[in-house]
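Heads up, the thing below is written out as structure tokens.
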Amino acid sequence: MTESTRQQPQNQGFFGNLAFNIIIPVVIMSYASSEDYLGPAWSIVAALSFPIGYGLWDLKESGKVNGFSILGIVSVLLTGGISLLKLPAEYIAIKEAAIPALIGIAVLVTQFTEKPLVKMLILNDQIINWPHLNDVLDKQNKRKLFDKKVAVSSYIVASSFFLSSALNYILAKVILVSEPGTTAYTEELGRMTALSYPVIVIPSMILLVGALWYLFAQIKKITGEELDNFINQ
């Protein structure tokens with residue numbers, strides 16, 4: 001399999017996520033929420049049907065239940081429910097902040113278990129050849145030392161989710177100022193969705209990449225071997 005062939009599904013997944021979770025919902029809520037088109041309520045239903053549909057399709061294609069995919073679908077459903085029930089925007093802000101905060105707490109809590117969540121998030125089996133790495137660590141009697149480094153990366157990853165939680169809340173409070181159920185409110189919801197990527201995702205991704213880089217550096221330093229020896233090709 002060539003490098004371009006391997007990258008094609010990854011690129012399709014990235015652009016699919018971007019299109020169905022951000023671009024299409026933003027366009028619908030921004031330009032079809034007036035009474036001349038779908039109206040505030042139906043534009044929200046139409047916009048949110050795309051990320052829900054894409055999430056369900058992704059679950060079917062992957063053949064396994066992914067906790068984060070389920071969480072994403074639940075988040076979208078909550079956004080739709082809160083908006084359609086015309087509840088105060090404060091509920092949206094709390095929901096937006098609560099989900100990444102819960103993930104951050106889960107990262108910290110699972111650090112004290114045999115399967116830290118950080119390994120699934122940034123250092124999973126698709127990236128690292130864990131049997132080989134564990135074998136080398138055991139032979140060198142450095143498993144406990146490496147676990148300490150994983151703990152440090154967990155704190156970095158958890159901080160990225162707590163940062164996302166704070167930014168989510170601030171973004172919702174700043175943008176959602178109109179009366180729920182109005183065209184203006186729906187347009188603001190679209191604007192919030194559009195801004196979530198540069199304002200929230202990019203800073204969080206910088207921290208996640210930093211955690212991954214830190215662990216890669218520690219693997220090389222602790223084992224004394226090149227990182228390529230532990231990367232799944």
Margin query: Condition first: farther than 21 Å from V76 by Cβ and not in a helix (DSSP H, G or I). Can you find one or more residues in region 141-153 that meet it?
Written below: yes
Next item on the list: Please indicate, with yes or no, whether at least one residue in region 76-98 is over 21 Å from P198 (Cβ atoms), assigned to a helix (DSSP H, G or I) and within 15 Å of the chain's Cα centre (by Cα).
Entry: yes
Notebook entry, point to check: Does at least one position in region 97-104 carry a residue that is closer than 17 Å to S75 by Cα and out of contact with any helix residue (DSSP H, G or I) (no Cβ under 8 Å at 6 or more places or on another chain)?
Noted result: yes
Check: Of the residues in region 156-175, how many are surrounded by 14 or more Cβ atoms within 10 Å (Cβ to Cβ) and without any contact (Cβ under 8 Å) to a residue 60 or more places away in the chain?
Finding: 9
Note to self: Which of the numbered conditions does T113 fail, given that it passes all the others? Conditions: (1) farther than 29 Å from P203 by Cβ; (2) of a type in the set (V, I, T); (3) part of a loop (DSSP other than H, G, I, E, B).
What the structure shows: (1)
Next item on the list: Check region 33-46 and report whether any residue there is under 30 Å from V152 (Cβ atoms), surrounded by fewer than 18 Cβ atoms within 10 Å (Cβ to Cβ) and aliphatic (A, V, I, L, M).
Entry: no
Item checked: Search result, residues across region 47-62 that are surrounded by 15 or more Cβ atoms within 10 Å (Cβ to Cβ) and at pLDDT 80 or above -> A47, L48, S49, F50, P51, I52, Y54
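The values are calculated or read from the model by the stated rules, or taken from the named source; none is laboratory data. It should be emphasised that the depicted structure is a prediction, and the values quoted were computed from it without experimental measurement. Every residue, glycine as well, gets a Cβ built from its backbone with ideal geometry; the counts of neighbours run over all protein chains shown.
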